[in-house]
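Structure record follows, encoded as structure tokens.
The values are calculated or read from the model by the stated rules, or taken from the named source; none is laboratory data. Predicted, not measured: the structure shown is a model, and the values here were computed from it. Don't worry about glycine lacking a Cβ; one is built from the backbone with ideal geometry, like all the others, and counts go over all protein chains shown.
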């Protein structure tokens, strides 16, 4: 891998739409950069803001939240809740002095593999442009959120 | 029905014994991810996270692969399993069953998708391998905090709802009803039969559509196990697999169906003629009180309130006056029915592409340009011309006819897919029109797609009959002559691509083989039933190859053209297949569900009620007396919104607990992309 | 070009035509916008729509097939691009959204470069037209017409005369060209543009 | 007054003077305020693309750059010539579609200390502006001398409705904008299926037989459908059908006399403006008959209804699906 900055992205997907979109991107062999690592939730409504901060605190440079298009939620309307929480998280991040652009909300239906891939790619580029996020290295906010039992150093790759 | 936790193992107590199994999937994964290295790494580096064994194998999903896991569970006493392979949507069941066979709680098995999410989408082998490791480490952390779960079982209500009374829906309904279970068949139009009832002949055998369809329609109408609800629409669907509550609007027919004998006198006497845009495809007329066609099932008319003189002026009432059984009820109101069903089959069919969208073909501008559906009616002995194939003047028989394929299909400006039936349909028209009129027939095609049994043979036959085939997508149909011979004709301008020259072919009649489109309201319907649509607007099946019948929503199945363009045999097959799936469910009487449910830990609940407004399924109730919230697992669908919202962390979501996801985040981030050294 | 010729030309040992499989890519790359040329399904909508197809030696569709086959010389010799009237009928009808008209422009340019135009009328006309524009910044019908007709249609002049006179007498044609103010600027821009085109 | 940047194009000062004169004459009454781009240059017609891509687009882009320099506020550029309109729109579109291409064009412009931001201007054809911005209601208010009984062919040619990068027109092949304008002027619109067929373009200079055949098709249909006059929105179409009609007749041994006027001339006529102000008489195929038709003020009786479609007369037993969806769509926009 090149010595240029490679961001680490955590992506939260909804079991019904965006996770299927990721599957579809796979079956269609649509390429995107390997920087993203996905976590499957049942619904974007399950996304507890703590997860996002936790991810950033633990070394993620950006977090992508994905769900069904408004009006297409498998659970009727829970993705709207995700939307509201997303706005909240952006404001909170700003409060922490972190670029809100480090989190992105993406709607992707089960049919939108290509869209999912391109959104991932563009988000990775955006975060790459923002540069690394050194949360936890030198600021106090993190301590509140990282009582991580595992230290990265423990695991030499 | 509950998701009872087995309390004896508290999550991540350091006593986890985890097995990691990395699948090559032939070269699908191994071609990009260094699986050997990954397994080796997991064994060494994740030891202290409880990994006792890590193996790679060509095909984990093969029986040998599964035995491998079962053996390790038994011999090494594994109590957690990670399978790094394809998407859980494909093989989760497989590996859970394997675990269960070895006596391990199936929910202690977790899949990591290193095919769909790694090897198929990445090319940089080093980076892909690194990502695979990170994802496995995430999986390991997550599974450590997983607790054994007992699958919830739900009883399956043996009654089934079939939506759509076309050939696919009819087939489904009959299969299930014949097996002795009750079916509600809901149809929007006044009669069942769908598009097939409008056709004259069916390819490739050319047997008469009505002759083969009407017996089926009749047995639906008379079947003791089928409640037929025509002129009705589904408005709301609540509940879940095995236990849906469906709200159906039975539109007022303005006819007392009990009293009506279907004698048809009302239609005779009704003075109001209306263009029949549905059954006669706009070519013929019907009355304001009508049954769409003679063999209609049920044989009960409908009063068309938008056109009936009585509703306009308050006078006329001819039908009421002449009805021998006094069955006309002008003030009849819509009825709302609530029915309980265990499974639902959607067979809502298709719509014809609106040929007006291609003005260069002249439909709507040039009278003698017809659509395929119009020709079906025109050739049908029961049609507006009694089967006489004539121009729109109603008398002239065409001497030359041009049939244009792929109208609105295989065209990025309209529908970028092949509508499947148009080639065969066009060949059928070529045969019928030639047979009845002796006219010279041209077929303009891009490619002849005559796949499937006896189809190409039919193509051969039509060739024999002297049909002239021109390979080229027609550019335009014009009424502007350039030569004497073109005067008074429709001129089809096309490049004969096999000759490499532009040709202008004068004909009397043009037939547009218009493509198939999803119904306008498909997306609303999908929303009502909680399923989704493809980019082109067809219902999405659970798996394009292995499960083209189920949907991602348990208990909802799809059949016929609603899932994608297909011909009659395919629709019938899919209708029957959907029925078979439902029957097996019914026979099992109950089914296991993902025990993914939320539950409240009462002692932690502060009674703040923040969660109370969040549940769209009304699963959350607040107990004023104890000042605590409770979640009804029967109603809970497991979305987890309330779990995320609870400020006290008093709500836990099984299978997706905070601990699990927090742990997975940590696991995923133990290795940074750029910290990963390039693999040798 | 008949198929017979096709065979002979490709069977001709000196002819490298049938090996030139980069041709399609090259044409697509040189075309403004996204040409979608590689998407052609050979349906013939273009050839059917073309109002001047009768005078073309190949229909556009066939020309695209030749590009695919790498028949560089045959393709660039074709009069098709020069007969194209830029009416965009094929463009709006093409089921694959191929920018056919722009591909034709590209082929003209390549033909001139490769000196493969069979008939110089069209290239000359364009050159003369552009010559005027590059000189004055405006087109100059009178100059254009006289130069062009004398060279290519001397015999047409009699039948043209009434029109020419009409146009002149009604002052619909100027005897002298109009020149824009900042000709220097325009020339600089075009000079730079030509350099840029060259490096592409 | 709505302000527009005007790109006239070369022919407006020469071959299509009638178009320019009539445009000037009608713009005041309909409140169309045109500001000509200072020092604009030729758009290269369809000639430059075939010689060299980058220079061709740079040539066009210079006008866009000048326009945005001089725009002060307004974003709309209006071109009365179809070829000019298409070229300006095309350059803007491709610079947008392919940023890399856009950059190279701007690099060329930089040599003249100019630059253009793709998408910063809106390129409109004159007809588009009159129909969709000014509105037919305004036009109607100005009609003092309805073109009663005048059978007019609405001829648009190719480059206005196609390729229509920004989806401005009701249809690519059968747009109804011009028809509606003519109806508003009180004219009787001839059903003319060839309304967007090509006039032959520069073929008159390259392959005359090709061009003459195309011109013949257009005139023959107009003649067969008993039109008094054709009307157009494009100098090239006007030149080919008017200027070359004689030579075409000579070529085929035919004897057509089919005048063709710019739609602005007919507007002016209906507005009661003096014919000479509108450039009448500049056409080679005299449009005298048009003036006569209008001059003779027929008593106020309803003009003959357009000919019924033959099927109707034969008492069609089958209803036919005759609807022009785009007309419906259009009505919404126009009567705003």
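For the range D:31-43, does any single residue satisfy the condition of being more than 9 Å from chain C (Cβ to nearest Cβ), farther than 27 Å from residue C:81 by Cα and outside any strand (DSSP E or B)? Yes; the residues of the range D:31-43 include at least one that is more than 9 Å from chain C (Cβ to nearest Cβ), farther than 27 Å from residue C:81 by Cα and outside any strand (DSSP E or B).
As a summary of the residue check, residue A:31 satisfies the conditions (1) over 16 Å from residue A:13 (Cα atoms); (2) part of a helix (DSSP H, G or I); (3) within 7 Å of chain B (Cβ to nearest Cβ) except for the one numbered (2). Residues of the range B:434-445 include none that is within 30 Å of residue B:562 (Cβ to Cβ) and out of contact with any strand residue (DSSP E or B) (no Cβ under 7 Å at 6 or more places or on another chain).
For the range B:532-576, residues that are surrounded by fewer than 24 Cβ atoms within 10 Å (Cβ to Cβ), more than 14 Å from chain A (Cβ to nearest Cβ) and under 22 Å from residue A:72 (Cβ atoms) total 2. Taken together, the residues in the range D:54-86 that are under 18 Å from residue D:160 (Cα atoms) and within 9 Å of chain C (Cβ to nearest Cβ) amount to 2. Step by step: first the residues of the range C:57-76, then only those that are more than 9 Å from every other protein chain (Cβ to nearest Cβ) and assigned to a loop (DSSP other than H, G, I, E, B), then the one that is surrounded by the most Cβ atoms within 10 Å (Cβ to Cβ). Which residue is that? It comes out as C:71.
Looking only at the range B:74-98, count every residue that is part of a helix (DSSP H, G or I) and surrounded by fewer than 24 Cβ atoms within 10 Å (Cβ to Cβ) and tell me the total. Summing the residues that are part of a helix (DSSP H, G or I) and surrounded by fewer than 24 Cβ atoms within 10 Å (Cβ to Cβ) in the range B:74-98 gives 12.
If you filter the range B:434-452 down to residues that are without any contact (Cβ under 8 Å) to a residue 60 or more places away in the chain and over 27 Å from residue C:42 (Cα atoms), you find that the one that is surrounded by the most Cβ atoms within 10 Å (Cβ to Cβ) is B:437.
Pick from D:85, D:48: which is assigned by TED's automatic domain parsing to the domain that holds residue D:121 and closer than 14 Å to residue D:122 by Cα?
Details: D:48 fails: closer than 14 Å to residue D:122 by Cα.
Sole residue among the options that is assigned by TED's automatic domain parsing to the domain that holds residue D:121 and closer than 14 Å to residue D:122 by Cα: D:85.
Test residue B:602 against the criterion of being surrounded by fewer than 16 Cβ atoms within 10 Å (Cβ to Cβ) and in contact with a strand residue (DSSP E or B) (Cβ under 7 Å, 6 or more places away or on another chain), and give yes or no. Show your work before the answer.
Details: surrounded by fewer than 16 Cβ atoms within 10 Å (Cβ to Cβ): yes; in contact with a strand residue (DSSP E or B) (Cβ under 7 Å, 6 or more places away or on another chain): yes.
Criteria met by residue B:602.
Note on the range B:119-132: residues that are more than 14 Å from residue B:671 (Cβ to Cβ) and facing chain A (nearest Cβ under 7 Å) total 5.
Could you list, in sequence order, the residues of the range B:490-514 that are assigned to a loop (DSSP other than H, G, I, E, B) and over 16 Å from residue C:45 (Cβ atoms)?
To start, the set of residues in the range B:490-514 that are assigned to a loop (DSSP other than H, G, I, E, B) comprises B:497-500, B:508.
The one that is assigned to a loop (DSSP other than H, G, I, E, B) and over 16 Å from residue C:45 (Cβ atoms): B:508.
State yes or no: is residue A:18 in contact with a strand residue (DSSP E or B) (Cβ under 7 Å, 6 or more places away or on another chain), at pLDDT below 95 and over 20 Å from residue A:89 (Cα atoms)?
Numbers: in contact with a strand residue (DSSP E or B) (Cβ under 7 Å, 6 or more places away or on another chain): yes; at pLDDT below 95: yes; over 20 Å from residue A:89 (Cα atoms): yes.
Yes; evaluated as a whole, the condition is true for this residue.
Taken over the range C:171-200, residues that are within 9 Å of chain D (Cβ to nearest Cβ), in contact with a helix residue (DSSP H, G or I) (Cβ under 8 Å, 6 or more places away or on another chain) and either within 26 Å of residue D:241 (Cα to Cα) or surrounded by fewer than 14 Cβ atoms within 10 Å (Cβ to Cβ) (or both) amount to 6.
Quick check: anything in the range D:146-162 in a loop (DSSP other than H, G, I, E, B), closer than 24 Å to residue B:413 by Cβ, within 14 Å of chain C (Cβ to nearest Cβ) and in contact with a strand residue (DSSP E or B) (Cβ under 6 Å, 6 or more places away or on another chain)? Steps first, please.
Initially, the range D:146-162 is screened for residues in a loop (DSSP other than H, G, I, E, B), giving D:146-150, D:156-162.
Of the ones still in play, those that are also closer than 24 Å to residue B:413 by Cβ are D:156-162.
Cutting the leftovers down to within 14 Å of chain C (Cβ to nearest Cβ) gives us D:156-162.
Still in the running and in contact with a strand residue (DSSP E or B) (Cβ under 6 Å, 6 or more places away or on another chain): D:160.
Yes; the residues of the range D:146-162 include at least one that is in a loop (DSSP other than H, G, I, E, B), closer than 24 Å to residue B:413 by Cβ, within 14 Å of chain C (Cβ to nearest Cβ) and in contact with a strand residue (DSSP E or B) (Cβ under 6 Å, 6 or more places away or on another chain).
Conditions (1) surrounded by 23 or more Cβ atoms within 10 Å (Cβ to Cβ); (2) more than 7 Å from chain D (Cβ to nearest Cβ); (3) under 20 Å from residue D:57 (Cα atoms), marked per residue:
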{"position": "C:78", "(1), (2), (3)": "yes, yes, no"}
{"position": "C:94", "(1), (2), (3)": "yes, yes, no"}
{"position": "C:105", "(1), (2), (3)": "yes, no, yes"}
{"position": "C:110", "(1), (2), (3)": "no, yes, yes"}
{"position": "C:116", "(1), (2), (3)": "no, yes, no"}
{"position": "C:125", "(1), (2), (3)": "no, no, yes"}
{"position": "C:128", "(1), (2), (3)": "no, yes, yes"}
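In this structure, is residue C:144 assigned by TED's automatic domain parsing to the domain that holds residue C:35 and either touching a residue at least 12 places away in the same chain (Cβ under 8 Å) or out of contact with any helix residue (DSSP H, G or I) (no Cβ under 8 Å at 6 or more places or on another chain) (or both)?
Details: assigned by TED's automatic domain parsing to the domain that holds residue C:35: no; either touching a residue at least 12 places away in the same chain (Cβ under 8 Å) or out of contact with any helix residue (DSSP H, G or I) (no Cβ under 8 Å at 6 or more places or on another chain) (or both): yes.
Against the criterion (assigned by TED's automatic domain parsing to the domain that holds residue C:35 and either touching a residue at least 12 places away in the same chain (Cβ under 8 Å) or out of contact with any helix residue (DSSP H, G or I) (no Cβ under 8 Å at 6 or more places or on another chain) (or both)), residue C:144 does not qualify.
Consider the range D:87-120 and keep the residues that are in contact with a helix residue (DSSP H, G or I) (Cβ under 6 Å, 6 or more places away or on another chain) and not in a helix (DSSP H, G or I). The one that is farthest from the other protein chains (Cβ to nearest Cβ) is D:120.
State whether the residues of the range C:92-106 include one that is out of contact with any helix residue (DSSP H, G or I) (no Cβ under 8 Å at 6 or more places or on another chain) and more than 30 Å from residue C:189 (Cα to Cα). Yes, the range C:92-106 contains a residue that is out of contact with any helix residue (DSSP H, G or I) (no Cβ under 8 Å at 6 or more places or on another chain) and more than 30 Å from residue C:189 (Cα to Cα). Residues that are at pLDDT below 90 and within 18 Å of residue A:43 (Cα to Cα) were ranked within the range B:578-611; the one that is nearest to the other protein chains (Cβ to nearest Cβ) is B:596.
Pick out the one residue from C:138, C:172 that is over 25 Å from the mean Cα position of the chain (by Cα), not in a helix (DSSP H, G or I) and not assigned by TED's automatic domain parsing to the domain that holds residue C:30. Walk me through how you get there before you give the answer.
Numbers: C:138 fails: over 25 Å from the mean Cα position of the chain (by Cα).
Unique residue meeting the criteria: C:172.
Of the residues making up the range A:53-86, those that are closer than 21 Å to residue B:638 by Cβ and at pLDDT 95 or above are A:65, A:66. In summary, residue B:639 fulfils each of the numbered conditions (1) more than 11 Å from chain A (Cβ to nearest Cβ); (2) without any contact (Cβ under 8 Å) to a residue 40 or more places away in the chain with the single exception of condition (1).
Each row is one residue, and each column tells you yes or no for (1) at pLDDT below 95; (2) closer than 24 Å to residue C:35 by Cα; (3) touching a strand residue (DSSP E or B) at 6+ places or on another chain (Cβ under 8 Å); (4) crowded, with 21+ Cβ neighbours inside 10 Å.
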{"residue": "D:57", "(1), (2), (3), (4)": "no, yes, no, yes"}
{"residue": "D:67", "(1), (2), (3), (4)": "no, no, yes, yes"}
{"residue": "D:72", "(1), (2), (3), (4)": "yes, no, no, no"}
{"residue": "D:79", "(1), (2), (3), (4)": "no, no, yes, yes"}
{"residue": "D:85", "(1), (2), (3), (4)": "no, yes, yes, yes"}
{"residue": "D:89", "(1), (2), (3), (4)": "no, yes, yes, yes"}
{"residue": "D:96", "(1), (2), (3), (4)": "yes, yes, no, no"}
{"residue": "D:99", "(1), (2), (3), (4)": "yes, yes, no, no"}
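Here residue A:91 meets the list (1) crowded, with 21+ Cβ neighbours inside 10 Å; (2) more than 9 Å from chain B (Cβ to nearest Cβ); (3) not in a strand (DSSP E or B) almost entirely, failing just condition (1).
Scan the range A:50-67 for residues that are more than 8 Å from chain B (Cβ to nearest Cβ) and either without any contact (Cβ under 8 Å) to a residue 60 or more places away in the chain or under 19 Å from residue B:656 (Cα atoms) (or both) and report the count. Can you show your working first?
Going through the range A:50-67, the residues more than 8 Å from chain B (Cβ to nearest Cβ) turn out to be A:52-53, A:56-57, A:61-67.
If we keep only those that are either without any contact (Cβ under 8 Å) to a residue 60 or more places away in the chain or under 19 Å from residue B:656 (Cα atoms) (or both) as well, we get A:52-53, A:63-67.
Total meeting the criteria: 7.
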